[in-house]
Amino acid sequence: MNIIIVGCGKVGRTLAEQLSNEEHNIVVVVKNADKVRNITEEYDAMGVIGNGVSFQTLQEAGVSTAHLVIAVTGTDEENLLCCLIAKKAGNCQTIARVRNPIYNAEIDFLKEEFGLAMIINPELTAAREIAKMFQFPSAIRVDTFARGHVELLHCKLAKDSPLIGIKLMHLQQKLRVNVLVCEVIRGDDVIIPNGHFIFEEGDIIAIAASRKNARIFFKNAGIMKKPVKNAILAGGGKISYYLAKSLIASGIDVTIIEQNPSRADFLSEELPEATIILGDATDQAVLEEEEYKTADGFACLTGLDEENILLA
(Lines give C-alpha, C1' and ligand atoms only; values in the text may rest on other atoms or scores of the structure.)
Protein backbone atom coordinates (compact mmCIF):
# COMPACT_ATOMS: atom_id res chain seq x y z
CA MET A 1 0.00 0.00 0.00
CA ASN A 2 1.00 3.60 -0.56
CA ILE A 3 0.63 5.30 2.83
CA ILE A 4 1.17 8.93 3.78
CA ILE A 5 1.80 9.74 7.46
CA VAL A 6 1.34 13.39 8.40
CA GLY A 7 3.08 14.25 11.66
CA CYS A 8 6.11 12.64 13.23
CA GLY A 9 5.73 12.57 16.99
CA LYS A 10 5.83 9.33 18.98
CA VAL A 11 2.75 7.95 17.24
CA GLY A 12 3.87 8.94 13.75
CA ARG A 13 7.33 7.52 14.28
CA THR A 14 5.94 4.22 15.58
CA LEU A 15 3.58 3.99 12.62
CA ALA A 16 6.43 4.65 10.18
CA GLU A 17 8.51 1.91 11.79
CA GLN A 18 5.78 -0.73 11.87
CA LEU A 19 4.35 -0.02 8.43
CA SER A 20 7.77 0.10 6.77
CA ASN A 21 8.58 -3.26 8.40
CA GLU A 22 5.43 -4.59 6.71
CA GLU A 23 6.92 -3.39 3.40
CA HIS A 24 4.38 -0.69 2.66
CA ASN A 25 5.46 2.37 0.68
CA ILE A 26 5.67 5.12 3.30
CA VAL A 27 5.87 8.88 2.82
CA VAL A 28 6.22 11.02 5.96
CA VAL A 29 5.12 14.66 5.87
CA VAL A 30 6.68 16.86 8.57
CA LYS A 31 7.39 20.57 8.90
CA ASN A 32 10.77 20.00 10.56
CA ALA A 33 13.60 19.13 8.15
CA ASP A 34 15.67 17.37 10.86
CA LYS A 35 12.80 15.03 11.72
CA VAL A 36 12.31 14.17 8.06
CA ARG A 37 15.99 13.37 7.70
CA ASN A 38 16.03 11.19 10.85
CA ILE A 39 12.97 9.22 9.74
CA THR A 40 14.22 8.60 6.20
CA GLU A 41 17.65 7.54 7.45
CA GLU A 42 16.29 5.18 10.10
CA TYR A 43 13.37 3.62 8.24
CA ASP A 44 12.54 2.64 4.68
CA ALA A 45 10.43 5.75 4.04
CA MET A 46 10.35 8.84 1.87
CA GLY A 47 10.10 12.30 3.41
CA VAL A 48 8.42 15.57 2.44
CA ILE A 49 9.07 18.81 4.32
CA GLY A 50 5.89 20.84 4.63
CA ASN A 51 2.48 21.36 6.19
CA GLY A 52 0.16 18.38 5.78
CA VAL A 53 -2.85 20.69 5.58
CA SER A 54 -1.46 22.15 2.36
CA PHE A 55 -2.94 20.72 -0.84
CA GLN A 56 0.37 21.33 -2.64
CA THR A 57 2.34 19.46 0.06
CA LEU A 58 -0.02 16.48 -0.12
CA GLN A 59 0.30 16.47 -3.90
CA GLU A 60 4.08 16.38 -3.53
CA ALA A 61 3.71 13.46 -1.11
CA GLY A 62 1.70 11.55 -3.74
CA VAL A 63 -1.83 11.82 -2.40
CA SER A 64 -3.26 11.18 -5.89
CA THR A 65 -1.92 7.59 -5.81
CA ALA A 66 -2.08 7.01 -2.04
CA HIS A 67 -4.26 4.27 -0.61
CA LEU A 68 -4.24 5.64 2.94
CA VAL A 69 -3.46 8.95 4.69
CA ILE A 70 -2.89 8.94 8.46
CA ALA A 71 -2.86 12.35 10.16
CA VAL A 72 -1.25 12.31 13.61
CA THR A 73 -0.04 15.86 14.16
CA GLY A 74 -0.37 17.43 17.59
CA THR A 75 -3.52 19.34 16.63
CA ASP A 76 -6.91 17.66 16.17
CA GLU A 77 -8.17 20.35 13.81
CA GLU A 78 -5.12 20.01 11.57
CA ASN A 79 -5.62 16.25 11.44
CA LEU A 80 -9.28 16.57 10.46
CA LEU A 81 -8.58 19.22 7.82
CA CYS A 82 -5.66 17.22 6.43
CA CYS A 83 -7.89 14.15 6.03
CA LEU A 84 -10.64 16.19 4.42
CA ILE A 85 -8.23 17.65 1.84
CA ALA A 86 -6.66 14.23 1.21
CA LYS A 87 -10.09 12.68 0.69
CA LYS A 88 -11.03 15.34 -1.86
CA ALA A 89 -7.63 15.36 -3.59
CA GLY A 90 -6.95 11.64 -3.84
CA ASN A 91 -10.13 9.78 -2.86
CA CYS A 92 -8.10 7.62 -0.47
CA GLN A 93 -8.93 6.17 2.93
CA THR A 94 -8.13 8.51 5.83
CA ILE A 95 -7.42 8.11 9.54
CA ALA A 96 -7.21 11.04 11.96
CA ARG A 97 -5.96 11.27 15.52
CA VAL A 98 -8.53 13.23 17.55
CA ARG A 99 -7.76 13.54 21.26
CA ASN A 100 -9.74 16.50 22.58
CA PRO A 101 -12.51 15.35 24.96
CA ILE A 102 -14.82 17.95 23.39
CA TYR A 103 -14.83 15.94 20.16
CA ASN A 104 -15.14 12.55 21.83
CA ALA A 105 -18.94 12.69 22.02
CA GLU A 106 -19.08 13.67 18.34
CA ILE A 107 -16.94 10.89 16.89
CA ASP A 108 -19.70 9.36 14.76
CA PHE A 109 -20.65 12.75 13.33
CA LEU A 110 -17.02 13.60 12.52
CA LYS A 111 -16.39 10.24 10.84
CA GLU A 112 -19.43 10.63 8.62
CA GLU A 113 -19.01 14.30 7.73
CA PHE A 114 -15.25 14.10 7.09
CA GLY A 115 -15.44 10.72 5.38
CA LEU A 116 -12.96 9.14 7.79
CA ALA A 117 -12.26 5.43 7.83
CA MET A 118 -11.23 5.65 11.47
CA ILE A 119 -10.60 8.08 14.31
CA ILE A 120 -7.90 7.11 16.79
CA ASN A 121 -7.48 8.44 20.31
CA PRO A 122 -4.40 6.91 22.02
CA GLU A 123 -5.19 8.61 25.34
CA LEU A 124 -8.72 7.20 25.42
CA THR A 125 -7.44 3.74 24.50
CA ALA A 126 -4.83 3.88 27.29
CA ALA A 127 -7.45 5.04 29.78
CA ARG A 128 -9.76 2.16 28.86
CA GLU A 129 -6.98 -0.38 29.38
CA ILE A 130 -6.14 1.05 32.81
CA ALA A 131 -9.83 1.16 33.74
CA LYS A 132 -10.18 -2.55 32.92
CA MET A 133 -7.36 -3.38 35.35
CA PHE A 134 -9.02 -1.33 38.10
CA GLN A 135 -12.48 -2.75 37.41
CA PHE A 136 -11.23 -6.38 37.17
CA PRO A 137 -8.03 -6.56 39.27
CA SER A 138 -8.21 -10.37 39.28
CA ALA A 139 -7.98 -10.64 35.50
CA ILE A 140 -4.71 -11.14 33.63
CA ARG A 141 -6.17 -9.55 30.52
CA VAL A 142 -9.49 -7.94 29.60
CA ASP A 143 -10.93 -7.37 26.11
CA THR A 144 -14.21 -5.59 25.46
CA PHE A 145 -16.80 -6.37 22.78
CA ALA A 146 -20.28 -5.16 21.79
CA ARG A 147 -19.50 -1.61 22.94
CA GLY A 148 -18.72 -2.66 26.49
CA HIS A 149 -21.64 -5.05 27.01
CA VAL A 150 -19.49 -8.20 26.85
CA GLU A 151 -16.06 -8.78 28.41
CA LEU A 152 -13.52 -11.42 27.47
CA LEU A 153 -11.41 -12.00 30.56
CA HIS A 154 -8.36 -14.19 31.16
CA CYS A 155 -7.66 -15.46 34.67
CA LYS A 156 -5.43 -18.10 36.26
CA LEU A 157 -6.75 -20.85 38.51
CA ALA A 158 -4.96 -21.14 41.86
CA LYS A 159 -4.61 -24.42 43.73
CA ASP A 160 -7.46 -23.54 46.10
CA SER A 161 -9.92 -22.63 43.33
CA PRO A 162 -13.29 -24.43 43.61
CA LEU A 163 -13.06 -25.13 39.87
CA ILE A 164 -10.15 -27.54 40.25
CA GLY A 165 -11.23 -31.08 39.36
CA ILE A 166 -14.72 -30.26 38.09
CA LYS A 167 -16.02 -30.69 34.56
CA LEU A 168 -16.97 -27.74 32.41
CA MET A 169 -20.54 -29.07 32.11
CA HIS A 170 -20.93 -28.57 35.88
CA LEU A 171 -19.51 -25.02 35.93
CA GLN A 172 -22.82 -23.16 35.86
CA GLN A 173 -24.29 -25.37 38.58
CA LYS A 174 -21.16 -24.97 40.73
CA LEU A 175 -20.78 -21.19 40.49
CA ARG A 176 -24.41 -20.23 39.80
CA VAL A 177 -23.48 -17.81 37.06
CA ASN A 178 -23.84 -17.86 33.28
CA VAL A 179 -20.48 -17.45 31.53
CA LEU A 180 -18.96 -18.93 28.38
CA VAL A 181 -15.52 -20.57 28.67
CA CYS A 182 -13.93 -19.85 25.29
CA GLU A 183 -10.48 -21.36 25.71
CA VAL A 184 -8.04 -22.75 28.24
CA ILE A 185 -4.27 -22.30 28.11
CA ARG A 186 -2.49 -25.18 29.81
CA GLY A 187 1.27 -24.89 29.56
CA ASP A 188 2.06 -24.48 25.87
CA ASP A 189 -1.29 -25.89 24.75
CA VAL A 190 -4.38 -23.89 23.80
CA ILE A 191 -7.53 -25.94 24.37
CA ILE A 192 -11.08 -25.32 23.15
CA PRO A 193 -12.87 -27.19 25.96
CA ASN A 194 -15.94 -29.39 25.64
CA GLY A 195 -18.36 -30.30 28.40
CA HIS A 196 -16.12 -33.11 29.73
CA PHE A 197 -13.05 -30.88 30.10
CA ILE A 198 -11.69 -30.95 33.67
CA PHE A 199 -10.04 -27.84 35.14
CA GLU A 200 -6.57 -28.10 36.68
CA GLU A 201 -4.39 -25.86 38.82
CA GLY A 202 -2.50 -23.27 36.77
CA ASP A 203 -4.98 -23.25 33.88
CA ILE A 204 -5.46 -19.84 32.31
CA ILE A 205 -9.07 -19.66 31.26
CA ALA A 206 -10.76 -17.12 28.98
CA ILE A 207 -14.41 -16.40 29.73
CA ALA A 208 -16.95 -14.26 27.90
CA ALA A 209 -19.57 -12.66 30.10
CA SER A 210 -21.43 -9.48 30.88
CA ARG A 211 -19.65 -7.20 33.34
CA LYS A 212 -22.08 -8.17 36.11
CA ASN A 213 -21.70 -11.92 35.53
CA ALA A 214 -17.92 -11.58 35.24
CA ARG A 215 -17.76 -10.08 38.74
CA ILE A 216 -19.96 -12.88 40.11
CA PHE A 217 -17.75 -15.47 38.40
CA PHE A 218 -14.54 -14.07 39.92
CA LYS A 219 -16.11 -13.95 43.36
CA ASN A 220 -17.61 -17.45 43.30
CA ALA A 221 -14.52 -18.95 41.66
CA GLY A 222 -12.39 -17.73 44.57
CA ILE A 223 -10.05 -15.62 42.42
CA MET A 224 -11.42 -12.18 43.30
CA LYS A 225 -8.77 -9.81 44.57
CA LYS A 226 -9.68 -6.83 46.72
CA PRO A 227 -11.96 -4.62 44.59
CA VAL A 228 -10.79 -1.11 43.79
CA LYS A 229 -13.09 1.32 45.58
CA ASN A 230 -10.93 4.44 45.38
CA ALA A 231 -8.09 5.51 43.12
CA ILE A 232 -5.55 8.33 42.94
CA LEU A 233 -4.47 9.63 39.54
CA ALA A 234 -1.16 11.49 39.44
CA GLY A 235 -1.41 14.07 36.68
CA GLY A 236 -4.50 15.59 35.13
CA GLY A 237 -3.90 15.19 31.41
CA LYS A 238 -6.20 13.68 28.80
CA ILE A 239 -5.61 10.09 29.95
CA SER A 240 -6.54 11.02 33.52
CA TYR A 241 -9.67 12.80 32.29
CA TYR A 242 -10.90 9.80 30.30
CA LEU A 243 -9.87 7.36 33.04
CA ALA A 244 -11.62 9.34 35.76
CA LYS A 245 -14.88 9.40 33.77
CA SER A 246 -14.73 5.64 33.30
CA LEU A 247 -13.90 4.89 36.94
CA ILE A 248 -16.57 7.24 38.26
CA ALA A 249 -19.14 5.53 36.04
CA SER A 250 -18.08 2.23 37.65
CA GLY A 251 -18.65 3.57 41.16
CA ILE A 252 -14.98 4.11 42.01
CA ASP A 253 -14.02 7.25 43.97
CA VAL A 254 -11.36 9.24 42.11
CA THR A 255 -8.79 11.80 43.30
CA ILE A 256 -6.69 13.64 40.71
CA ILE A 257 -3.49 15.50 41.66
CA GLU A 258 -2.66 18.22 39.13
CA GLN A 259 -0.08 21.00 39.53
CA ASN A 260 -1.34 23.31 36.76
CA PRO A 261 -3.99 25.70 38.22
CA SER A 262 -5.89 26.22 34.94
CA ARG A 263 -5.96 22.49 34.21
CA ALA A 264 -7.13 21.79 37.77
CA ASP A 265 -9.98 24.30 37.29
CA PHE A 266 -10.96 22.58 34.03
CA LEU A 267 -11.03 19.16 35.72
CA SER A 268 -13.10 20.53 38.61
CA GLU A 269 -15.70 21.83 36.17
CA GLU A 270 -15.77 18.77 33.91
CA LEU A 271 -15.50 16.13 36.66
CA PRO A 272 -17.58 17.40 39.61
CA GLU A 273 -17.76 13.88 41.08
CA ALA A 274 -13.96 13.66 41.38
CA THR A 275 -11.74 15.26 44.01
CA ILE A 276 -9.21 17.58 42.34
CA ILE A 277 -6.06 18.46 44.29
CA LEU A 278 -3.80 21.30 43.18
CA GLY A 279 -0.29 20.09 43.90
CA ASP A 280 2.76 18.15 42.77
CA ALA A 281 2.20 14.40 42.82
CA THR A 282 5.95 13.83 43.25
CA ASP A 283 5.82 15.67 46.59
CA GLN A 284 5.58 13.03 49.30
CA ALA A 285 3.84 15.47 51.63
CA VAL A 286 1.03 15.89 49.09
CA LEU A 287 0.67 12.12 48.70
CA GLU A 288 0.60 11.57 52.45
CA GLU A 289 -2.01 14.29 52.87
CA GLU A 290 -4.20 12.41 50.42
CA GLU A 291 -3.54 9.15 52.32
CA TYR A 292 -2.16 7.40 49.26
CA LYS A 293 -1.27 4.33 51.32
CA THR A 294 -4.96 3.53 51.77
CA ALA A 295 -5.81 3.91 48.06
CA ASP A 296 -6.83 0.72 46.25
CA GLY A 297 -5.53 1.99 42.91
CA PHE A 298 -2.82 4.44 41.86
CA ALA A 299 -2.17 5.50 38.26
CA CYS A 300 0.93 7.52 37.37
CA LEU A 301 -0.05 9.67 34.40
CA THR A 302 2.20 12.72 34.40
CA GLY A 303 3.86 13.90 31.20
CA LEU A 304 7.26 12.44 32.14
CA ASP A 305 8.01 8.71 31.90
CA GLU A 306 10.75 8.93 34.54
CA GLU A 307 8.39 10.67 36.94
CA ASN A 308 5.74 7.99 36.40
CA ILE A 309 8.24 5.19 37.09
CA LEU A 310 9.47 6.90 40.25
CA LEU A 311 5.94 7.47 41.49
CA ALA A 312 4.93 3.87 40.80
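Details
- Per-residue Karplus couplings for the stretch 209-218, computed as 6.51 cos²θ - 1.76 cosθ + 1.60 with θ equal to phi - 60°, are listed in order as 6, 5, 4, 5, 5, 5, 5, 5, 4, 4 Hz, Gly and Pro entered as x.
- Per-residue surface analysis assigns LEU15 an accessible area of about 40 Å², computed on protein heavy atoms at 1.4 Å probe radius.
- Checking the cross-link pairs LYS132/LYS219; LYS111/LYS245; LYS156/LYS245 against a 26 Å limit on the alpha carbon distance flags LYS156/LYS245 as lying beyond it.
- In order along the stretch 34-50, phi translates into HN-Hα couplings of 5, 5, 4, 5, 5, 5, 5, 6, 8, 10, 7, 8, 8, x, 10, 8, x Hz, rounded to whole numbers, per the Karplus curve 6.51 cos²θ - 1.76 cosθ + 1.60 with θ = phi - 60° and x for Gly and Pro.
- Of the GluC sites (Glu not before Pro) in the stretch 45-124, those whose Cβ has at most 15 other Cβ within 10 Å and which sit in DSSP loop: GLU106
- Under Karplus coefficients 6.51, -1.76 and 1.60, residue-wise ³J(HN,Hα) of the stretch 89-95 in Hz, glycine/proline x: 7, x, 6, 9, 6, 10, 10
- Only aspartates and glutamates eight or more places from LYS174 in sequence, or on another chain, were considered; those with a Cα closer than 18 Å are ASP160, GLU200, GLU201, ASP203.
- With the simple spin-label model, which puts each label point 7 Å out from Cα in the Cβ direction, the ARG176 to ASP283 separation comes to 5.1 nm.
- CYS300, CYS82, ranked by accessible area, largest first (probe 1.4 Å): CYS300, CYS82
- For the stretch 260-278, the residues whose backbone nitrogen is under 12 Å from a point 7 Å from the Cα of ILE248, taken along Cα to Cβ, are 266-276.
- Amide H to amide H distances under 5 Å link THR94 with VAL69, ALA117, MET118, where only residues 5 or more positions off or on other chains count and H is placed in the peptide plane.
- The heavy atoms of TYR103 present about 50 square angstrom of accessible area, all protein chains included, probe 1.4 Å.
- Magnitude of the charge dipole, the chain, Cβ model with Lys/Arg +1 and Asp/Glu -1, debye to 20: 1280 debye
- When the charge dipole of the stretch 19-147 is built from unit charges on Cβ atoms (+1 for Lys and Arg, -1 for Asp and Glu) and taken about the Cα centre, the candidate among VAL29, PHE55, MET118 whose Cα reaches farthest toward its positive end is MET118.
- Note on the chain: with a GNM built from Cα contacts shorter than 10 Å, the maximum mean-square fluctuation among VAL98, VAL286, VAL254 falls on VAL286.
- Between GLU42 and ASP305, the FRET efficiency from the beta-carbon distance, with R0 = 25 Å, is close to 0.75.
- Applying 0.36 nm per residue to the separation of GLU183 and GLU106 and subtracting their alpha-carbon distance, the gain on full extension is 24.0 nm.
- With DNA, RNA and ligands ignored, accessible area of ILE198 (1.4 Å probe; Å², nearest 10): 80 Å²
- What separates the Cα centres of the stretch 273-311 and the stretch 58-89 is a distance of 39 Å.
- Most simply put, the chain has about 35% antiparallel DSSP beta bridges, counting only bridges with both residues inside it.
- Here's how it looks for ARG141: its modeled amide H is under 5 Å from those of HIS154, which are all 5 or more places away or on a different chain.
- Virtual paramagnetic centre 7 Å along Cα→Cβ of GLN59, amide N under 20 Å, in the stretch 87-128: 87-93
- Database remark: amide H of ILE5 closer than 5 angstrom to the amide H of VAL27, VAL28, VAL29, ILE70 (H placed geometrically; neighbours at sequence offset of 5 or more, or on other chains; Pro and chain starts carry no H).
The values are calculated or read from the model by the stated rules, or taken from the named source; none is laboratory data. These numbers were taken from a predicted model, which means no experiment stands behind them. Positions of Cβ are backbone-derived with ideal geometry, glycine not excepted, and every protein chain shown enters the neighbour counts. Protein only, heavy atoms only, side chains kept; ligands, DNA and RNA dropped before computing areas. Shrake-Rupley method; radii C 1.70, N 1.55, O 1.52, S 1.80 Å.
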